[in-house]
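Engineer: Here it is: the structure, laid out below.
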Amino acid sequence: MISSSFDAIIPMLCVALAGLVVLLAEAFRGRDEKMPIGGLAIIGLVGAGAASILLWNRNATSFGVVTADNFSLFVNLVLIGVGILTVMFSSQTIERDGIPAGEYYAVMLFGIVGMMLMGQATDLLVIFLALETMSLAVYVLTGIRREQQQSTEAAFKYFLLGAFASSFFLYGVAFLYGVTGSTSLDRIGTVIAAQSMSGNPMILLGVGLLIVGFAFKVAAVPFHMWSPDAYEGAPAVVTGFMSTGVKAAAVAAFVRVFLSSLEPMITDWAPVLWLIAAATMVLGTVVGVAQTSLKRMLAYSSIAHGGYLLAGLVAGNDVGKAAILFYLAAYALTNLGAFGVIALLGTRERANDDLRDYAGLFKSHPALAVLMTFFLLSLGGFPPTAGFIAKWYVFSAAIGSGYYGLAIIGVLSSVVSVFFYLRIVVMMFMTDRDARPVPAPITTVAYAGLVLSLAGVLYLGVLPTAVIDFAQASISTIF
Amino acid sequence: MDGWGGILLLAVIGVGFGIVSVVLSYFLGPRNPTPEKLAAYECGMPPVGDARERQSVKFYLIAMIFLLFDIEVAFLYPWALAMRQLSWPGLIQITVFFSILVVGYIYIWRKGVLDWGPEYDPDYKRPPKPGPAVVKRYRYGTRN
Amino acid sequence: MLALIPLLPFAGFLVNATMGRRLPKTVTGGLASAVMVVSFLIAVTQVWALAAMPPESRQVNQVLFTWITAGDFSLDLAFRLDALSAVMILVITGIGSLIHIYSTAYMSHETDADFGRFFSYLNLFCFFMLMLVLGSNVLVMFVGWEGVGLCSYLLIGFYYEKQAAADAAKKAFVVNRIGDFAFILGALLLVVTFNSLDFTTIALAAKAMPVEVTFGTLSLITLLLFVGATGKSAQIPLYVWLPDAMEGPTPVSALIHAATMVTAGVYMIGRNAVLFEHAPITLGIVAVVGAATALMAGTIGLVQNDIKRVLAYSTVSQLGYMFLAMGMGAFGAGIFHLMTHAFFKACLFLGSGAVIHALHGEQDIRKMGGLKKHIPVTYWTFVIASVAIAGVPGLAGFFSKDEILFETFLHGHQILWGVGVLTSLLTATYMFRLVHLTFHGDERFGAVADGHDAHGHAPQHLSTPAPEHLSTPAPQHSHGVHLHDAPAPMAFALIVLAIGSILAGYVGVPHALGGHNNLGAWLEPAFQATNCGQPVATGELAGIALEDCLPGEEAGVEDHAALELSLMAVSSLVAFAGIGLASFLWLKRKDIPAQMATQFAGVHKLLLNKYYVDEVYDATIVQPIKVVSQEGLWRGFDVKIVDGAVNGAGYFVSGVSIVLRLLQNGSVKTYAASIFAGAVVILAFYLWR
């Protein structure tokens, strides 16, 4: 029975509406007229956030394919946070880089709609639709600085490979449909559970292909190769946006598909994801050590963080599920903050993302250096920051499910990863300043964004209980 | 292996047919190549110049936009046929869908995508003087 | 109230970190010292209140809030004051205050900004250290554990203009991370085993478990925790960072690398005493590692020429003693030595700082000598501390060291006892070598004291470009005639610590000498799994807890009095022998050490180069990792690098664009190939299973 209630899509509608308004505003904007377009975007996002909070515990569904259970609402809130922070950082950078504000924000908002749909969809085809909506927006954002070859090249690579990976995903959906006769997650779940299908080769193929599709979006090894290029080529704010938003959305859908309808087959997919998670953590960390470009370094770092997230997925227990949600929130705040700092230090001509560009930052921009230090410490998992608690949960989830090896690899790689985060801190605090292009003074809005991220990072690190409870309440409704 | 027999057979036949036909034509077909035979086929005319000519990007834009609005129509037809069953929710949905496209339409209109000539383009900027083409290609690897 | 003890230094840190660069030195230094002193006073009142309680229920808990919950597992951000942490907070705040006061004078040559930075780091360190010892569960301890590591790193690299300091900081951090890795794993394993991280809960649960004769879970947990401790407390194999850490300012060496942070590992074992007692295998390893470290560091200390490095190796060696005690299960003895060591080693380091200060940065003891009459306060305090560390009867080191040796002998480990005695001889020898070369004999410093550098820079580093604040001319001295003795704040700290070096031992006078080993008795409840101070959680545990609350019998103490006395005589003789040997070799017959150095050139070189451990680590661990990361994985997996290499070559080839276009295509292909290969592997896995 198909419900035609619109409730569940209200958050998405808010954001989409904001996107349309932004687009219209841009259309009627004079050539050099300034408009508070970012403000419009934020209004839409806040509206979506309010809607998400109002929908809490209501378990609304729309059209039988979109749900607004607590899990997806939690993801929504993370995504909205990502969106708001991105807008705040962008307010400075898009003007500096000469990016048309309306197009940029509109595409970003549509991307967020796709991401939200990804978390809310309960049908494989709708997930695919969401995946494409999100991806198209992100491809465009990656290449939005058309005059930069690096940017366009990155976008093109990302697009080609993304299309390639999407086809795997679609193929996987086709197999699952072939076996179960449905693309609805509930239906697939009941069919699989009813007929103990874990030996069926068709369904295994389907699961394998779905893993490929999701792993690509999460940038897990060996499907990660696009990400350093795309992350480095995209404007820094966009990199922050896609390294957090896309990852959050993809992980949300990943979790929903694998821990609800495919949960009966956990013994089939867990070993594969175990290996992927381990490889992702190790490779992201080890290769990250050798990087000298900050964006590239953090690209590898976010690959590694994808690995930690997958470790929570492999664990598959209640702690793991809550840990994934908490990790998403912690990681989003931290990584966005870090990329925000990088973005604010760039100039139109040069990204200023080389390690050497950070020499003596503490002397020239003490506040930025301190903020960056906190973000890096959180990425490295230092107590008492959000990153530490997040990792702690993921690893204890892994150990709780008996995956000692995975936990050891995770701890080891997070220990090693500190080396490259530390190199940046060393550069900022312990070297003297070289001559480098001076970025424009940083606006209050952008600073507020950074401080907001920092507040979040510390809040999640010192008082994580509220959010953890929230995360636990979120997972309890669907799995 | 029960589920696999059919797939295997299909794969074998599919791949086998391709290979067999290529191999057969290689061995059976007579070959007397002449320059004319090896040249690209252009409607019987002798080939002149590079086949890859530059087209104005406007054509692509128009083509893309046409595609978008064409699909809109493709959606409207089935809706019109099932209008009674879909009732009010259907009407709302199609209206939402339609208005999104309208916003897009306004946007491209205002941005001058539909203006063919530069004189109507409010955002037109004089292109830089043609100089030697910039061939310096950016490669990431050089930075590391 | 308890929370105020760490929070006051934190407040000091906040003020100095945000406003330190704009405030005058008197304010920043005064504030930083004041918060420490107040914190110390609060600590004293708290401990006083604790002492008023009956011994079995000496425990004060303060829960700030619930930190982490997951299912039935929950963890509070909570502080706990008991007998053990009481000793630690007194040491940290007390000696910390003195070192803060000392630093106001020692660091006075720095610019306002650097001065503020220094004190903010120092306050932050004290905050984390107090978190570490007051934390009521492993995770709060870990916060402190990581925090002190971070501060130590910042403080070692304080003179970051100096390459050696930056390298040393990095090394300290890297080595500590290896230890932390084990520590986290140990903590995670604790969660799995006990579903709790609270020390009391763990201890109660562990007590109910059988002692592990063979290697089991408890052994693994404790071993992992101990590996963590070897990192923080500079034991084999992770001790290499501590001598290098001497690149930091001298007060830092005194506070962090002698008195407090490096003892965190010892404290951690004491905190988890019950756990370790149930893992005798680990305890054996702890004892052997401790003894080996003590001996090894002692031998290295014998030939070093940098005044601070001698002290650094001495610290490593003394920490080895503490671990030996812990390994014997003599936790009280270990903590006792920790406390006395904090006094005399801090005094020695601060004294060395005063020497360096007086000589404007000279650290090479071959270029000192005869300083006795120039800087008498420093001299006398230094000598007192040296006598104390050497183990001369009547001073602090004697009592604590003796208790360790006695316990070792009592547990039937004669070989380890022998190692301990030998180390004791070495300690006395190298300490008095240091005293003689620094303060006695000829004055050898006149020619070298020109470097206007009161910042602990060794002369060989002076060739590095001097930063601005170093190039300001220091007041001119007529060298060889008049050197500054320690200014008042420094002298104050030195004198107090010297008094402490004499008296600190009297809290633990052994029964054999008619004392009551008050400290041991005070600490004893902390090493038992008792729950008497707070409501018992579950009925099952209540029985155990009640049983423990009964006062234990003091059997067997008298029986060993004769043995203890004779052992004491031995170690006293050893101490005097060491001092005598040092005096003979470095005062009377100065030619002999040189002769020995040439005669046993191999051994001498081996010791001088610290057994080449750094080189071995570099060759076996550091370089391979570098190669793997930079050459292997980077090149193998990051295709862009391959592109880059070919790209670079491409410029030498004509038709650059063609090559590049081909490569351009190629890289996306490679990426796609990687995706495809991954898919094939996954699918193949499912098909061939």
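Engineer: Distance check, please: which entries in C:Lys308/C:Lys372; C:Lys25/C:Lys232; A:Lys247/A:Lys295; A:Lys217/A:Lys295 exceed 22 angstrom between their Cα atoms?
Structural biologist: C:Lys25/C:Lys232
Engineer: Here's another thing I want to ask about it. Show the residues, 5+ positions off or on another chain, whose built amide H is closer than 5 Å to the amide H of C:Trp67.
Structural biologist: C:Leu75, C:Asp76, C:Leu77
Engineer: Viscosity 0.692 mPa s, temperature 37 °C: give me the Stokes-Einstein translational D for region A:374-444 in µm²/s, with Rh taken as the Kirkwood radius over C-alpha pairs.
Structural biologist: Roughly 230 µm²/s, to the nearest whole number.
Engineer: Another question, then. How high is the relative contact order of region A:18-100? Use alpha-carbon pairs under 8 Å, at least six apart in sequence, and give a whole percent.
Structural biologist: Rounded, it is 27 percent for region A:18-100.
Engineer: Could you please state, rounded to a whole Å, how far the C-alpha centre of region C:378-439 is from the C-alpha centre of region A:265-300?
Structural biologist: 51
Engineer: Which order do the peptides B:96-104, A:250-258 take when ranked by the mean count of other beta-carbon atoms within 10 Å per residue, highest first?
Structural biologist: The packing order, highest mean first, is A:250-258, B:96-104.
Engineer: Positive end of the charge dipole of the protein assembly as shown (Lys, Arg +1 and Asp, Glu -1 on Cβ, about the Cα centre): tell me which of A:Ala236, C:Leu218, A:Gly64 has its Cα farthest that way.
Structural biologist: Positive-end residue among those listed: A:Ala236.
Engineer: Follow-up. Given Cα pairs under 8 Å that are at least 6 residues apart, what percent is the relative contact order of region C:267-364?
Structural biologist: Relative contact order for region C:267-364 comes out at 30 percent.
Engineer: Please arrange A:Met116, A:Met108, A:Met297 by counting, for each residue, the other beta carbons lying within 10 Å of its beta carbon, fewest first.
Structural biologist: A:Met297, A:Met108, A:Met116
Engineer: Listed highest first by mean packing, meaning other Cβ atoms within 10 Å per residue, what order do A:51-64, C:342-355 come in?
Structural biologist: My ranking of the peptides, most packed first, is C:342-355, A:51-64.
Engineer: Oh, and also: Could you work out Rg/(2.2 N^0.38 Å) for region A:7-475, with Rg from alpha carbons only?
Structural biologist: It is 0.91.
Engineer: Between region B:82-115 and region C:82-133, how far is it from one alpha carbon centroid to the other, in angstrom?
Structural biologist: Using only Cα atoms to place each centre, the spacing works out to 68 Å.
Engineer: Same structure again: Which whole number in µm²/s is D for region C:300-454 by Stokes-Einstein, with the Kirkwood Rh taken over Cα pairs at 4 °C and 1.567 mPa s?
Structural biologist: 81
Engineer: Arrange A:Thr244, B:Thr95, A:Thr385 by Cβ neighbour counts within 10 Å, fewest through most, would you?
Structural biologist: By the 10 Å Cβ count, ascending: B:Thr95, A:Thr385, A:Thr244.
Engineer: Under the classification rounded if a/c is under 1.5, otherwise prolate if a/b is larger than b/c and oblate if not, where does region C:374-446 fall, given a ≥ b ≥ c as square roots of the Cα gyration tensor eigenvalues?
Structural biologist: It is oblate, given that a/c is not under 1.5 and a/b is not larger than b/c.
Engineer: While we're here: Place a label point 7 angstrom from the Cα of A:Ser260 along the Cα-to-Cβ direction, then list the residues of region A:449-479 whose backbone nitrogen is under 17 Å away.
Structural biologist: Of the residues in region A:449-479, A:471-479 have backbone N under 17 Å from the label point off A:Ser260.
Engineer: Give the angle, between 0 and 90 degrees and rounded to the nearest 10, that separates the Cα long axis of helix A:124-142 from the longest principal axis of the Cα atoms of chain A.
Structural biologist: That works out to roughly 10 degrees.
Engineer: Please report the relative contact order for region A:7-475, taking Cα pairs under 8 Å with a sequence separation of at least 6, and give it as a percent rounded to a whole number.
Structural biologist: It comes to 16 percent, rounded to a whole number.
Engineer: Let me ask something else about it. What whole-number distance in Å separates the alpha-carbon centres of region C:9-30 and region C:570-603?
Structural biologist: 48
Engineer: Sorted from largest down, give the three principal axis spans of the alpha carbons of region C:108-261, whole angstrom values.
Structural biologist: Result, largest extent first: 58, 28, 21 Å.
Engineer: Give me the inter-chain shielding for A:223-229: mean count of other chain Cβ atoms within 10 Å, whole number please.
Structural biologist: For this peptide, the per-residue mean of nearby foreign Cβ atoms is 6.
Engineer: Based on Cβ point charges of +1 for Lys and Arg and -1 for Asp and Glu, what charge dipole magnitude is obtained for region A:7-475 about its Cα centre, in debye rounded to the nearest 20?
Structural biologist: With only Lys, Arg, Asp and Glu charged at Cβ, the dipole is about 520 debye.
Engineer: If you count, for every residue in A:287-295, the Cβ atoms of partner chains within 10 Å of its Cβ, what is the mean?
Structural biologist: The mean count of partner-chain Cβ atoms within 10 Å per residue comes to 4.
Engineer: Here is a further query. Can you run phi through the Karplus equation (6.51, -1.76, 1.60; θ = phi - 60°) for region A:45-56 and list ³J(HN,Hα) in whole Hz, with x for Gly and Pro?
Structural biologist: For region A:45-56, the Karplus-derived couplings read 5, 5, x, 4, x, 4, 4, 4, 5, 5, 7, 3 Hz, x marking Gly and Pro.
Engineer: What whole-number volume per residue, in cubic angstrom, does the convex hull of the C-alpha atoms of the protein assembly as shown give?
Structural biologist: 224
Engineer: Right, here's the next one. With charges only on Cβ, +1 for K and R and -1 for D and E, what is the dipole size of the protein assembly as shown about its Cα centre, in debye, rounded to 20?
Structural biologist: 2940
Engineer: Can you give the convex hull volume of the alpha carbon atoms of region B:1-118 per residue, in Å³?
Structural biologist: It is 277 Å³ per residue.
Engineer: Residues in region B:7-29, backbone N under 19 Å from the label point at B:Lys37 (7 Å along the Cα-to-beta-carbon vector): list them, ranges by number please.
Structural biologist: Taking a point 7 Å out along Cα→Cβ of B:Lys37, the residues of region B:7-29 whose backbone N falls under 19 Å are B:22-29.
Engineer: Give me the base-10 log of I(q)/I(0) for region C:238-309 at each q in 0.14, 0.24, 0.27, 0.28 Å⁻¹, Debye formula, one uniform scatterer per Cα, rounded to two decimals.
Structural biologist: -0.57, -1.16, -1.27, -1.30
Engineer: Another question, then. What's the exposure ranking of B:Lys111, A:Lys247, going from fewest to most Cβ atoms within 10 Å?
Structural biologist: B:Lys111, A:Lys247
Engineer: Among A:Gln291, A:Ser5, A:Val212, which residue has its Cα furthest toward the positive end of the charge dipole of chain A, with +1 on Lys/Arg Cβ and -1 on Asp/Glu Cβ?
Structural biologist: A:Gln291
Engineer: Can you give the mean number of other chain Cβ atoms that lie within 10 Å of the Cβ atoms in peptide A:404-410?
Structural biologist: Shielding by partners across A:404-410 averages 2.
Engineer: Which of the trypsin sites (Lys or Arg not before Pro) across region C:1-62 are loop residues per DSSP, with 16 or fewer other Cβ within 10 Å?
Structural biologist: C:Arg22
Engineer: Which shape class applies to region A:262-377: rounded if a/c is under 1.5, otherwise prolate when a/b exceeds b/c and oblate if not, where a ≥ b ≥ c are the square roots of the Cα gyration tensor eigenvalues?
Structural biologist: prolate
Engineer: Specify whether the C-alpha gyration tensor of region C:350-397 places it in the rounded, prolate or oblate class, a ≥ b ≥ c being the square roots of the eigenvalues: rounded for a/c under 1.5, otherwise prolate if a/b is larger than b/c and oblate if not.
Structural biologist: The shape class here is prolate.
Engineer: About its Cα centre, how strong a charge dipole does region A:173-288 have in debye, to the nearest 20, once Lys and Arg get +1 and Asp and Glu get -1 at the Cβ?
Structural biologist: 120
Engineer: Can you give me the P(r) profile for region C:62-159? Cα pairs, bins 5 angstrom wide beginning at 0, each as a whole percent.
Structural biologist: 3, 13, 18, 20, 16, 12, 9, 6, 2, 1, 0, 0
Engineer: Rank-order C:278-290, C:581-593 by packing density, defined as the average count of other C-beta atoms within 10 Å over each peptide's residues, highest first.
Structural biologist: C:278-290, C:581-593
Bear in mind these aren't lab numbers, they're just calculated from the coordinates by the rules spelled out. The structure presented is a predicted model; accordingly, all values stated were derived computationally and were not measured. Note that each Cβ is placed from the backbone with ideal geometry, even for glycine, and that neighbours are counted across all protein chains shown.
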